[in-house]
Amino acid sequence: SPKHKYYKEINEVIAEHIKYAAKLDIDNTWELIHDEGEMKVFKREMEEDGMVVDPLKAVHTVKGITGHEVCHYFWNPDVRMEWEGTLESAQVLDWFSEDTCVCYQIHKKVWPTTQREALFWTQIRHVPNEDEDEDGPDYWIVCNYSIPDHDKCPEKTKNIRAIMNVAMICETVVEPPQSDRNITRENITCKIQYHANVNPGGWAPASVLRAVYKREYPKFLKRFTQYVMDQTKDKPIMF
Ligand SMILES: CCCCCc1ccc(-c2ccc(S(=O)(=O)CCO)cc2)cc1/C=C\c1ccccn1
């Protein structure tokens, strides 16, 4: 796509998430906050200027869908309101290319905190394995990354602007290895890594924020993956 002003930043941010995903080192600095079936959600407790900015990492394995399908529905702004239960509104302000756009969304108010909003670019990308290493990981990734402003962004709202760096990184496993001819949904499994670094943008009680994170992230991951299974079950597989 043409060299727009975020081109360099997008490549750097995506490369960073891919490097990090390949390591997947869940060491003891990560605290398990939710463990349900194949889904494990971890957090690190971190504060910046007295604000809770806990990084969040989730891993999940879902049968019957592909990484491309998970990333497609996570990225597609047209369906965001269908699965993201914490949003009051979501809109596209701009398109940088057919896989990259700028979204503005308002989160539902969480009593007793001030309502949050977010302005970010979102890109979906296929990162095939290195040619020489055909066993290397093949990722589909979506990254949502805050930008400071945009000329079409509503000015001076009463909301606090949250700042985020979020990635959904997926690998698809086909077993037993089938020639591409007759793979069915029984043969595929998606391995998901979800990384969310969200700065709530303004003070909120640590206890409230941590309770929201603990409750909302597992709920959102369960609801979102169920949504993808429902949307794809009668459709041809998107590899
Ligand atoms: C006091 C509460 C303040 C809310 C702070 C907050 C702001 C934004 C966000 C957030 C969550 C998921 C994404 S995404 O994965 O990119 C999908 C697109 O929406 C982007 C942003 C989270 C949170 C904080 C908690 C929280 C956790 C899971 C769901 C909802 N809220």
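At-a-glance table
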{"read-out": "P(r) histogram, all alpha-carbon pairs of the range 154-211 included - 5 Å bins from 0, percent", "value": "4, 13, 14, 13, 11, 10, 7, 8, 8, 7, 5, 0"}
{"read-out": "FRET E, pair LYS222, GLU186, Förster distance 25 Å, beta-carbon r, rounded to 0.05", "value": "0.70"}
{"read-out": "P(r) of the range 36-170 over all Cα-Cα pairs, binned every 5 Å from zero, in whole percent", "value": "2, 9, 15, 20, 20, 16, 11, 5, 2, 1, 0"}
{"read-out": "Relative contact order (percent, whole number), the range 1-146, Cα cutoff 8 Å, 6+ residue spacing", "value": "14"}
{"read-out": "For the range 1-54 and the range 97-159, distance of Cα centres in Å", "value": "13"}
{"read-out": "Spacing of the two label points (7 Å from each Cα toward its C-beta) at GLN115 and GLU45, in nm", "value": "3.2"}
{"read-out": "Histogram of C-alpha separations across the range 98-239, 10 Å bin width, %", "value": "9, 31, 31, 19, 9, 1"}
{"read-out": "Net charge over other residues, Cβ less than 11 angstrom from the Cβ of ALA90 (K, R count +1; D, E count -1)", "value": "-4"}
{"read-out": "Debye log10 I(q)/I(0) at q = 0.21 Å⁻¹ for the range 129-190, Cα point scatterers", "value": "-0.97"}
{"read-out": "0 to 90° range, to nearest 10: angle between helix 7-23 axis and the chain longest Cα axis", "value": "60"}
{"read-out": "Rg(Cα) / (2.2 N^0.38 Å) computed for the chain, rounded to two decimals", "value": "1.02"}
{"read-out": "Exceeding the 27 Å Cα-Cα cut-off - candidates LYS108/LYS214; LYS3/LYS63; LYS8/LYS156", "value": "LYS3/LYS63; LYS8/LYS156"}
{"read-out": "SER97 paired with ASP151, simple spin-label distance in nm, labels 7 Å along Cα-to-beta-carbon", "value": "2.2"}
{"read-out": "Helical mean residue ellipticity (222 nm; -39500 (n - 2.57) per DSSP H run of 4+; nearest 500) of the chain", "value": "-7500 deg cm²/dmol"}
{"read-out": "Nearby aspartates and glutamates by direct alpha-carbon distance to LYS57 (threshold 17 angstrom, same-chain neighbours under 8 apart not counted)", "value": "GLU16, ASP25, ASP27, GLU31, ASP35, GLU36, GLU38, GLU45, GLU47, GLU171, GLU216"}
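Read-outs throughout are calculated quantities, based only on the coordinates presented, and are distinct from any laboratory measurement. Every value quoted in this text rests on a predicted model; they were computed, and no experiment measured them. All Cβ positions, even for glycine, are placed from backbone atoms using ideal geometry, and neighbour counts span all protein chains on display.
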